[in-house]
Amino acid sequence: MRQKINAHVPKAEREAPEYYAEFVQKFEAKRTTDDCMTPEPVYQAVLDWARAEYNIGPETRIVRPFWPGADYRAEDYSGDCMVIDNPPFSILSEICRWYQEHGVRFLLFAPTLTLFSTARGEMNYIVCAATVTYENGAKVNTSFITNMGEWKIHCAPELQAAIKAADDAVQQAGKPEIPKYDYPPNVCSAALLQYISRHGVELKIRAQDACFIRALDAQKQADGRGIYGAGFLLSDSATAEKAEAEKAAAEKANARAWKLADRERGIIAKLSGRN
């Protein structure tokens, strides 16, 4: 690849946006799956499950030693403590063995598909298969590894359900709230009309029966918002046609679909001259 040094790169190329982006990128910290920070509600769900499953009292100190640049071996593990954390997956086996050798209790996040290969099957494995959306946006199929409990392999649906509920709540909280509006019958938008089209009902409106608008006056005065994707004001006759189409679409949506039997298809074939 051509080495790009400012002194040997034409001025026009140096000033190009992609060149500057490439230059800046060299100095950015590279993020990997080891940089997956756990959303707090998800971590709390795991902690609550662990306290109940392993009878962990409030006097036990919960240790979280895995932070960017930190050395987990330098952490204080004295007294009654237990590690519950999301470690770097690339050195997970090393971490498990180090804790085992030093008598540290732990429950660690781990990727599901390679779970049993961690520490060559020497630990206990909790198959959870919960999709966790970490703070860097990575979605990881997550299970757990531990040196506690009596079960070598434990499928834990309660833990999976708790994590899913927490992860769903985090994702929902991150979405902007979209207001819901109930528009008068004479207003239509593509979003409102898609129900009709999806259920196989045709509707045609002439240009003289529609007036383009981006918002109702009441919306402008209330919050400055408008009709999502813009819309049209319809004449009374077009509104009536729209109402009939909506009714037909609703009937189709609620209709029970029957299938023809082989005997009936045979009759149709004879009627159609195909037999």
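The values are calculated or read from the model by the stated rules, or taken from the named source; none is laboratory data. Computed from a prediction, not measured in an experiment: that's the story for all the values here. Every residue, glycine as well, gets a Cβ built from its backbone with ideal geometry; the counts of neighbours run over all protein chains shown. Heads up: the accessible areas ignore ligands, DNA and RNA and are worked out on the full protein's heavy atoms, side chains in. Shrake-Rupley method; radii C 1.70, N 1.55, O 1.52, S 1.80 Å.
Within the option set LEU271, LEU216, LEU260, being under 25 Å from TYR195 (Cβ atoms) and without any contact (Cβ under 8 Å) to a residue 60 or more places away in the chain holds for one residue only, LEU216. When segment 138-169 is filtered for residues that are over 11 Å from ILE126 (Cα atoms) and open to solvent by 50 Å² or more (accessible area, probe 1.4 Å), the ones remaining, listed by number, are LYS139, ASN141, GLU150, GLU158, ALA161, LYS164, ALA165, ASP168, ALA169.
Within the set ALA129, ALA165, the sole residue that is outside any loop (DSSP other than H, G, I, E, B) and either under 30 Å from ARG225 (Cα atoms) or at pLDDT 90 or above (or both) turns out to be ALA165. Residues that are touching a residue at least 24 places away in the same chain (Cβ under 8 Å), under 19 Å from PRO88 (Cβ atoms) and part of a loop (DSSP other than H, G, I, E, B) within segment 132-156 comprise TYR134, GLU135, ASN136, ALA138, ASN147, listed in sequence order. Taking segment 72-101 as the range and being surrounded by fewer than 18 Cβ atoms within 10 Å (Cβ to Cβ) and under 22 Å from ARG51 (Cα atoms) as the test, the residues that pass are GLU75, ASP76, SER78, GLY79, ASP80, CYS81, GLN100. For GLU264, the stated conditions hold: it is acidic (Asp, Glu) and open to solvent by less than 70 Å² (accessible area, probe 1.4 Å). Every listed requirement among (1) buried (at least 18 other Cβ atoms within 10 Å of the Cβ); (2) without any contact (Cβ under 8 Å) to a residue 24 or more places away in the chain; (3) under 26 Å from the mean Cα position of the chain (by Cα) is met by LEU115 save one, (2). Reported count of residues in segment 45-71, each being out of contact with any Pro (no Cβ under 9 Å at 6 or more places or on another chain), assigned to a loop (DSSP other than H, G, I, E, B) and open to solvent by 20 Å² or more (accessible area, probe 1.4 Å), is 9.
When segment 188-208 is filtered for residues that are at pLDDT below 85 and touching an Asp or Glu at 6+ places or on another chain (Cβ under 8 Å), only TYR195 remains. If you go through segment 179-235 and pick out every residue that is β-branched (Val, Ile, Thr) and exposed (fewer than 13 other Cβ atoms within 10 Å of the Cβ), you end up with 0.
The set of residues from segment 81-102 being at pLDDT 95 or above and in a loop (DSSP other than H, G, I, E, B) comprises just one member, HIS102. In summary, MET123 fulfils each of the numbered conditions (1) open to solvent by 50 Å² or more (accessible area, probe 1.4 Å); (2) closer than 20 Å to ILE84 by Cβ; (3) touching a residue at least 24 places away in the same chain (Cβ under 8 Å) with the single exception of condition (1).
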